[in-house]
1. Go through the range 169-211 and count every residue that is among the β-branched types (V, I, T) and surrounded by fewer than 17 Cβ atoms within 10 Å (Cβ to Cβ).
2. When you check P284 against the structure, is it within 16 Å of the ligand (Cβ to nearest atom) and either surrounded by fewer than 24 Cβ atoms within 10 Å (Cβ to Cβ) or within 22 Å of the chain's Cα centre (by Cα) (or both), yes or no?
3. Scan the range 228-238 and tell me whether some residue there is of a type in the set (S, T, N, Q), in a loop (DSSP other than H, G, I, E, B), within 16 Å of the ligand (Cβ to nearest atom) and within 21 Å of the chain's Cα centre (by Cα).
4. Considering only the range 95-103, I want to know if a residue exists there that is of a type outside the set (A, V, I, L, M) and within 24 Å of S260 (Cα to Cα).
5. Just name the residue that is surrounded by the fewest Cβ atoms within 10 Å (Cβ to Cβ) out of those in the range 26-64 that are part of a helix (DSSP H, G or I) and among the small types (G, A, S).
6. Tell me which residues, restricted to the range 339-368, are open to solvent by 60 Å² or more (accessible area, probe 1.4 Å), modelled with pLDDT of 95 or more and among the polar types (S, T, N, Q).
7. Quickly run through the range 93-111 and pick out the residues that are away from the ligand (no atom under 12 Å from the Cβ) and either closer than 17 Å to D326 by Cα or not aliphatic (A, V, I, L, M) (or both).
8. Restricting attention to the range 130-155, which residues are within 13 Å of the ligand (Cβ to nearest atom) and either crowded, with 24+ Cβ neighbours inside 10 Å or free of Cβ contacts under 8 Å to residues at least 40 places away in the same chain (or both)?
Amino acid sequence: MRSRIFVMLALVVSMLALSACGGGGGTIKIAILAPLSGDVATFGQSTRDGVLLAIEEWNAKGGIDGKKIEYVVEDSQCNAEAAVSAANKVIDQDGVKFIIGEVCSSASIPVSEIATAKQVFQISPTSTNPAVTVGESGTKPTIFRACFIDPFQGKVGAKFALEKLGAKTAAVFLDQGNDYVRGLAEVFISEFEAGGGKVVVKETYTGDDSDFSAILTKVKDANPDVLYLPDYYSTVNLIAAQAKEKGITAVMLGGDGWDSADLDRTAVDGGYFTNHFSDQDTRPIVQDFVKKYSAKYGAAPDALAALAYDAANILFQGIDKAGKADPVAVAKTLETGTFEVVSGNVSYDANHNPVKAAVVLQVKGGAVNYIDTVAP
Ligand code: PHE
């Protein structure tokens with residue numbers, strides 16, 4: 001009898017020892033959903049690279065509570081259909097409970113519906129449309145983001161145009177079918193007009209358009225102070241080049257969608273855009289990240305890489321604090337915690353949005369320069 005108790009005790013002790021040092025093993029599997037091909041491929045590549053750097057660092061430290069982080073990457077193409085099938089695949093086939101992604105709001109919104117229904121945790125690094133985290137029945141319990149939202153970004157853009165550029169008139173182009181573009185354009189228009197400006201041209205196009213000469217003629221005739229182009233870099237490149245060809249001199253202005261190594265810096269020369277991050281920020285946490293990222297990938301990180309790195313670190317710290325890889329428990333730790341990450345100090349409001357500053361950058365002479373930081 002005594003020896004049986006002894007054996008059982010020894011077993012319990014060794015099990016405790018194993019779990020304490022994490023030798024219990026096991027892994028935590030996450031999925032990265034990002035557009036790795038197509039029109040905005042640089043968005044997906046930066047996002048993947050930012051997350052992979054964070055995973056590498058956590059695994060080098062032994063993982064999360066002794067559990068190594070495993071990952072799957074899916075090319076969700078910045079579009080609703082591809083993102084939905086990627087989300088279903090990683091959840092149903094790979095058994096993933098934690099998703100980092102998507103990049104584009106139009107893809108993140110439908111993924112958030114699936115993740116909510118299946119009680120999977122999702123953090124979008126960069127989707128700025130409010131509807132990612134909030135639906136008809138309020139805040140989605142397990143959905144978060146690492147970035148600010150467009151009602152803030154659009155206001156920063158409008159105020160910059162009015163106050164810093166002294167603009168009185170604006171032209172605004174928008175793609176009705178893109179949640180991000182439409183949302184950001186609407187906020188810009190209402191804030192610009194609320195601040196005393198006048199929107200003299202408002203024109204829509206579709207994602208398939210490549211010839212913008214008809215709507216650019218209206219801009220040429222109206223001769224506004226600024227031309228607001230809140231789309232992704234691939235479309236902005238087309239519009240901006242055609243605008244220059246037409247001799248339009250309005251200062252071009254945009255949002256975070258401009259942030260790409262493939263932005264046509266000649267076509268948008270002199271223009272400004274709002275963003276989440278500048279690699280010229282001198283805070284030590286930023287410069288440390290810029291150094292590590294550049295060493296690994298041979299290029300400076302853009303905002304997508306920084307926010308992806310942040311989203312991964314917020315998630316991993318959240319799992320660590322929760323003490324278990326359970327989406328609902330992890331969501332609770334995000335709701336109550338503060339996370340010091342590259343793009344600022346993150347704590348979540350009731351809508352699961354971080355309250356954070358934006359930066360304004362200028363494209364000039366082939367370079368992208370830091371101009372201003374605007375707090376909420
Ligand atoms: N904010 C964009 C969206 O919601 C995505 C994006 C973020 C693009 C940052 C570039 C840089 O769709």
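The values are calculated or read from the model by the stated rules, or taken from the named source; none is laboratory data. Computed from a predicted model, the values in this text were never measured in an experiment. Every residue, glycine as well, gets a Cβ built from its backbone with ideal geometry; the counts of neighbours run over all protein chains shown. Areas reflect the complete protein model, heavy atoms only, side chains present, ligands, DNA and RNA absent. Shrake-Rupley method; radii C 1.70, N 1.55, O 1.52, S 1.80 Å.
1. Taking the range 169-211 as the starting set, the residues that turn out to be among the β-branched types (V, I, T) are 169, 172, 181, 187, 189, 199-201, 204, 206.
When the remaining residues are screened for being surrounded by fewer than 17 Cβ atoms within 10 Å (Cβ to Cβ), the result is 204, 206.
So the answer is 2.
2. Details: within 16 Å of the ligand (Cβ to nearest atom): no; either surrounded by fewer than 24 Cβ atoms within 10 Å (Cβ to Cβ) or within 22 Å of the chain's Cα centre (by Cα) (or both): yes.
Answer is no for this residue.
3. Looking only at the range 228-238, we keep the residues that are of a type in the set (S, T, N, Q), and these are 234-235, 237.
If we keep only those that are in a loop (DSSP other than H, G, I, E, B) too, we end up with none.
The answer is no, given that none of the residues of the range 228-238 is of a type in the set (S, T, N, Q), in a loop (DSSP other than H, G, I, E, B), within 16 Å of the ligand (Cβ to nearest atom) and within 21 Å of the chain's Cα centre (by Cα).
4. Taking the range 95-103 first, the residues of a type outside the set (A, V, I, L, M) are 95, 97-98, 101-102.
Imposing the further condition that a residue be within 24 Å of S260 (Cα to Cα) reduces the set to 101-102.
Yes; the residues of the range 95-103 include at least one that is of a type outside the set (A, V, I, L, M) and within 24 Å of S260 (Cα to Cα).
5. Residues of the range 26-64 part of a helix (DSSP H, G or I): 41-60.
Narrowing further to those that are among the small types (G, A, S): 41, 44, 46, 50, 54, 60.
On the way: A41: 18, G44: 28, S46: 29, G50: 32, A54: 22, A60: 8.
Residue satisfying both the conditions and the ranking: A60.
6. Passing the criteria: only N351.
7. So the first thing to find is which residues in the range 93-111 are away from the ligand (no atom under 12 Å from the Cβ), and the list is 93-100, 110-111.
Within the range 93-111, Q93, D94, G95, V96, K97, F98, I99, I100, P110 meet the criteria.
8. Those that are within 13 Å of the ligand (Cβ to nearest atom) and either crowded, with 24+ Cβ neighbours inside 10 Å or free of Cβ contacts under 8 Å to residues at least 40 places away in the same chain (or both): V132, T133, R145, A146, C147, I149, D150, P151, Q153, G154.
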